[in-house]
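What follows is one structure encoded as structure tokens, with my remarks underneath.
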Amino acid sequence: MPVANVRAFFAQHAKTALVRITSVQGSSPREKDTWMLVSARATYGTIGGGQLEYMAIDEARVLIAKEGAARVLDIPLGPEIGQCCGGRVELSVSRVDSATKAQLILAEDAERKARPAVYLFGAGHVGRALTEALRPLPVRTVIVDTRAEELSLIDERFDKRLVPVPEELVRAAEPGSVFIVLTHDHSLDFLVTSEALARDDAAYVGMIGSRTKRATFESWCRRVPEVQVDTSQLICPIGAARHTDKRPEVIAAHVAAEVMTALASFEGGSAENRPGRQKRERANDQ
């Protein structure tokens with residue numbers, strides 16, 4: 001079974017080698033500074049797969065077996081190795097010492113803490129499917145529910161929050177968070193969604209449901225004086241609205257892709273070009 005993090009990999013494998021991409025020219029499967037770990041019988045991470053990775057793993061295992069010195073490999077990604085990227089990469093291959101272990105653990109811990117938070121409100125069938133769909137992605141998933149029995153069905157490795165007032169977590173979330181609302185109660189959905197929209201700094205706000213549910217929510221927002229939000233930022237239905245397959249795993253796959261696209265747009269744009277503002281401007285033009 002794959003390990004969850006680099007710390008666990010080191011705990012299971014005493015002798016390891018580090019493979020790092022140190023230079024890239026032209027097209028390549030991964031970018032500069034991408035790294036992977038190799039032991040005599042396992043790997044952690046990837047530099048892009050294919051023949052390039054096989055060659056790197058072979059070199060790393062020879063290095064481990066012979067306790068050799070670090071090496072630099074200059075590899076063209078063309079017909080010579082049966083890979084058609086067309087670029088060229090330089091790899092460093094070195095044995096991992098205690099100082100390198102500590103650096104890699106610290107770097108991975110920092111990277112994980114810096115990942116955007118995805119708050120899932122609702123640990124029902126779709127919520128559970130979404131936790132699994134998001135598991136391998138570079139996000140921090142937080143599953144929120146008012147029902148202990150539903151949260152108990154989710155793997156203990158996830159960050160689970162049993163709270164009586166879920167909307168309080170929305171207020172405390174960091175800017176750039178993702179809010180996916182799929183609770184067991186439409187009224188609770190509306191409360192949590194309106195809190196998320198009121199922030200105006202979310203990367204994504206989505207609510208499970210239909211176009212009818214969206215229209216009902218918009219009507220509710222107009223009727224309740226305390227709710228002053230711009231519903232043009234809301235994604236509802238979530239995950240490929242025209243898709244007719246409503247199995248939780250299928251919905252989860254579509255929503256995960258939708259969230260990663262929204263995060264890329266949010267992180268790559270200025271305040272003026274972020275998704276919420278773009279939607280508001282489009283709505284105002286109609």
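Values in this text are rule-based calculations from the coordinates and carry no lab data. What you see is a predicted model, and the numbers here were worked out from it, not measured in a lab. Cβ: placed from backbone, ideal geometry, glycine included. Neighbour counts: every protein chain shown.
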Handout entry: Top positive-direction residue, dipole computed over the chain with Cβ charges, set Ala117, Ile64, Met260
Key = Ile64
Handout entry: Summed residue charge, Cβ within 12 Å of Leu130's Cβ, Lys/Arg positive, Asp/Glu negative
Key = -1
Fill in the blank from the handout: Computed over the Cα atoms of segment 6-111, the Rg and Dmax in Å are 13.5, 38
Fill in the blank from the handout: Going from the fewest other Cβ atoms within 10 Å to the most, one would list Ser265, Ser187 as Ser187, Ser265
Fill in the blank from the handout: Residues other than Asp33 with Cβ under 15 Å of its Cβ, Lys/Arg counted +1 and Asp/Glu -1, net out at -1
Fill in the blank from the handout: If every Lys and Arg gets +1 and every Asp and Glu gets -1 at its Cβ, then about the Cα centre the chain yields a dipole, in debye to the nearest 20, of 280 debye
Problem - Cα-centred dipole magnitude for segment 58-149, charges only on beta-carbon of K, R (+1) and D, E (-1), debye, nearest 20 - result: 280 debye
Exercise for the section: Report, to the nearest 10°, how far helix 125-134 tilts away from the longest principal axis of the Cα atoms in the chain, using its own Cα long axis and a range of 0 to 90°. Expected result: 30 degrees
Exercise for the section: Report, please, the projected area of segment 115-276 averaged over directions, based on the convex hull of its C-alpha atoms, in nm². Expected result: 9.0 nm²
Fill in the blank from the handout: So the FRET efficiency between Lys66 and Ala4, C-beta based with R0 = 25 Å and rounded to 0.05, is 0.25
Completion exercise
One finds, for Ser98 and Tyr54 with R0 = 45 angstrom and r their Cβ-Cβ distance, a FRET efficiency to the nearest 0.05 of 0.95
Practice task
Report relative contact order for the chain in percent, whole number only (criteria: Cα-Cα under 8 Å, sequence separation at least 6).
Solution key: 12 percent
Problem - Helical mean residue ellipticity (222 nm; -39500 (n - 2.57) per DSSP H run of 4+; nearest 500) of the chain - result: -13000 deg cm²/dmol
Completion exercise
Net charge near Thr216 (other residues with Cβ under 14 Å of its Cβ; Lys, Arg +1; Asp, Glu -1) is +2
Completion exercise
So, with points 7 Å from each Cα along the Cβ direction, the Ser210-Ala107 label distance in nm works out to 5.1 nm
Practice task
At 0.36 nm per residue, minus the direct Cα-Cα distance, what do Lys15 and Leu73 gain on full extension? Give it in nm, one decimal, please.
Solution key: 18.8 nm
Completion exercise
So, relative contact order of segment 6-111 in percent, Cα under 8 Å, 6 or more apart, is 33 percent
